[in-house]
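The values are calculated or read from the model by the stated rules, or taken from the named source; none is laboratory data. Being a predicted model, the structure only gives us computed values, none of them experimental. Note that we place each Cβ from the backbone using ideal geometry, even for glycine, and neighbour counts take in every protein chain shown. For accessibility, only protein heavy atoms count, side chains too; no ligands or nucleic acids. Shrake-Rupley method; radii C 1.70, N 1.55, O 1.52, S 1.80 Å.
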Amino acid sequence: MVSRVIPVDPFDLVIFGGTGDLARRKILPALFRRYVAGQMGETSRIVGAARSEMDDAAYRDFVRDAVMEFDPPQGEAATQLDGFLEQVGYVTLDATGHGGWAELAARLKDKRAVQAFYFSVGPSLFGALAERLHQHGMAGEGTRIVVEKPFGRDEESARKLNATLAEHFDEGQIYRIDHYLGKETVQNLMAVRFGNMLFEPLWNAQYVDHIQITVAETVGVGGRGEYYDKSGAMRDMLQNHMMQLLCLIAMEPPAKFDPDAVRDEKLKVIRALDEVKPEDVVRGQYEAEDGKADYRTQVENKASTTESFVALKLHISNWRWAGTPFYLRTGKRLRAKVSEIAVVFKETPHSIFGAEAGRHRNILTIRLQPNEGMDLGVTIKEPGPGGMRLVDVPLDMTFADALGPDAEDVPDAYERLIMDVIRGNQTLFMRGDEVEAAWAWTDPIIAGWEARGDEPEPYETGSSGPEEALALMHRDGRRWRDIRA
Ligand code: NAP
């Protein structure tokens, strides 16, 4: 198999917050990888912009250090770093001030085919940036802007942010990033569902017993305690990343693979979500273990009731899913770092092999990490003599094995998404109404906790979360899959 890299049109990409953590860790190394892949073109330009005083040369050193720290190039690629840096520059400016903006506009005067502005700063600066771009003539028709999560902290703030951006940009110019959507497996989920005859006829409440979505981390809040304590697992993970996974797994087939067709179907899923009953949600907070601090020690508020774990059961009230529960859980300091979706099919209506053959179910597991891929558990006869004993075996499709060396060339989420911005393809970005609808569903759950004064349940570091989360499934006669790397 030969991987195809189609160069994008020449572009200008301005990174507001070009000296920040996200730029260093993700955006700049991703751009360099696309340069090495031959996708960026020789005339494209990257301009970092922030308040720190720096000239082009100093910023190039900064970018070099970022690439070497977070994704050091190997072999031939290492020789290309100098060439990449020649396409990088820097402008000192304050989003809320006036200095620097004329210089930025002057630099961009000689326009490339595409002009994009990455708002890699806190959302409180989105309005100021949009306004300044407009004032300095850089918010024209073809301009694209990229914004990061958190996109609001409730429906009202998300609406305000959308309205602020809408003052100067159309929806078709706004790219709201959820990097989960850029993952190869997530897109493969759509390929598997809508490119095969095998699954879609079974993809409904008649054949699916339930669906589990797990995003487990082993790390705690670390240095992000201050930010995290204001959001918690529900706002930080469930409302955005997990909701997006839920939409892709549950949506109806769009008529075509185009941005609005896909996003219309995702929106319908969110709008069909039932209100979640208080007894169907479990929140948790990790305890100390093995010399590691507990949650409250790592945040400023020593009586914090913010959750580092949340598990819930939800229902989608539509023709396809009525009666099939979805169980979602996410948390920090859990047993392993794993993100997966498991579609658990129903048992056969009758076992011709008798009770001694046991109960068996097909499970389609879609792994986002580690070892991106899918496996389908199928039931076969245990080999050898001794009668008809049944055993479940996986039909494994780990992408790295199935696709050989090409799997290593698969762009990571940020590479793909940034190139999609340049290509003008919004399919993998969240539309404003989707984000608002997701908050509208999440808000009453959080409001309920606050009104009741709910305390999160403690759970052990390295566990699968609080006991209550296990009980959430046990009382339905089901069990979570093991959290295993
Ligand atoms: P950060 O490390 O605090 O960086 C913020 C950047 O904004 C810096 O470059 C800062 O540079 C610049 N800045 C701050 N105030 C400014 C102003 N008034 N005018 C111009 N530039 C200004 O934050 P970050 O982690 O990179 O995050 C950026 C955004 O992405 C945030 O909204 C965050 O929630 C989101 N995000 C981050 C990550 C991640 O992994 N880091 C992941 C997902 C989402 P100066 O101080 O030099 O101005």
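Conditions (1) among the charged types (D, E, K, R); (2) touching a residue at least 60 places away in the same chain (Cβ under 8 Å); (3) farther than 26 Å from ARG176 by Cβ, marked per residue:
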| residue | (1), (2), (3) |
| --- | --- |
| VAL186 | no, yes, no |
| VAL192 | no, yes, no |
| ASP209 | yes, yes, yes |
| GLU217 | yes, yes, no |
| GLY223 | no, no, no |
| ALA250 | no, yes, no |
| PRO253 | no, yes, no |
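Results for (1) out of contact with any helix residue (DSSP H, G or I) (no Cβ under 9 Å at 6 or more places or on another chain); (2) over 23 Å from ALA30 (Cα atoms); (3) outside the structural domain of ALA139 (by TED's automatic domain parsing), shown as yes or no for each residue.
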position: GLN74; (1), (2), (3): yes, no, no
position: GLN80; (1), (2), (3): no, no, no
position: PHE84; (1), (2), (3): no, no, no
position: GLN87; (1), (2), (3): no, no, no
position: TYR90; (1), (2), (3): no, no, no
position: ALA106; (1), (2), (3): yes, yes, no
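Of the strands (runs of 3 or more DSSP E) contained entirely in the stretch 15-130, those carrying at least 3 residues that are more than 30 Å from GLY223 (Cα to Cα) and more than 9 Å from the ligand (Cβ to nearest atom) fall at 114-119. Of the residues making up the stretch 65-87, none is modelled with pLDDT of 95 or more, under 22 Å from MET138 (Cβ atoms) and β-branched (Val, Ile, Thr).
Among residues belonging to the stretch 101-128 that are surrounded by fewer than 18 Cβ atoms within 10 Å (Cβ to Cβ) and of a type in the set (Gly, Ala, Ser), point out the one that is nearest to VAL421 (Cα to Cα).
Filtering the stretch 101-128 for residues that are surrounded by fewer than 18 Cβ atoms within 10 Å (Cβ to Cβ) and of a type in the set (Gly, Ala, Ser), the one nearest to VAL421 (Cα to Cα) comes out as ALA113.
For the criterion of being surrounded by fewer than 18 Cβ atoms within 10 Å (Cβ to Cβ), assigned to a loop (DSSP other than H, G, I, E, B) and either in contact (Cβ under 8 Å) with a residue 24 or more places away in the chain or in contact with a Lys or Arg (Cβ under 8 Å, 6 or more places away or on another chain) (or both), MET397 fails. For residues in the stretch 306-345 being part of a strand (DSSP E or B) and over 22 Å from the mean Cα position of the chain (by Cα), which is farthest from GLN212 (Cα to Cα)? So, considering only residues that are part of a strand (DSSP E or B) and over 22 Å from the mean Cα position of the chain (by Cα), the one farthest from GLN212 (Cα to Cα) is PHE345.
One residue stands out among those in the stretch 131-161 that are assigned to a loop (DSSP other than H, G, I, E, B) and among the acidic types (Asp, Glu): the one that is farthest from the ligand (Cβ to nearest atom), which is GLU141.
Set side by side, the residues GLY477, GLY465, GLY404, GLY424 differ, and just one is at pLDDT below 90 and at positive phi, which is GLY404. For the stretch 342-375, which residues satisfy the criterion of being among the basic types (Lys, Arg) and open to solvent by 60 Å² or more (accessible area, probe 1.4 Å)? Passing the criteria: LYS346, ARG359, ARG361.
Does at least one position in the stretch 462-482 carry a residue that is open to solvent by 60 Å² or more (accessible area, probe 1.4 Å), closer than 29 Å to PHE151 by Cα, within 25 Å of the chain's Cα centre (by Cα) and touching a residue at least 24 places away in the same chain (Cβ under 8 Å)?
So far as the stretch 462-482 goes, no, none of its residues is open to solvent by 60 Å² or more (accessible area, probe 1.4 Å), closer than 29 Å to PHE151 by Cα, within 25 Å of the chain's Cα centre (by Cα) and touching a residue at least 24 places away in the same chain (Cβ under 8 Å).
Taking helices (runs of 4 or more DSSP H) as the structural unit, those lying wholly within the stretch 178-280 and holding at least 3 residues that are of a type in the set (A, V, I, L, M, F, W, C) correspond to 184-195, 243-250, 259-271. Number of residues in the stretch 162-177 that are under 13 Å from VAL421 (Cα atoms) and part of a loop (DSSP other than H, G, I, E, B) equals 1. Checked against (1) away from the ligand (no atom under 16 Å from the Cβ); (2) within 26 Å of GLU415 (Cβ to Cβ); (3) at pLDDT 95 or above, ILE177 meets all criteria but (1).
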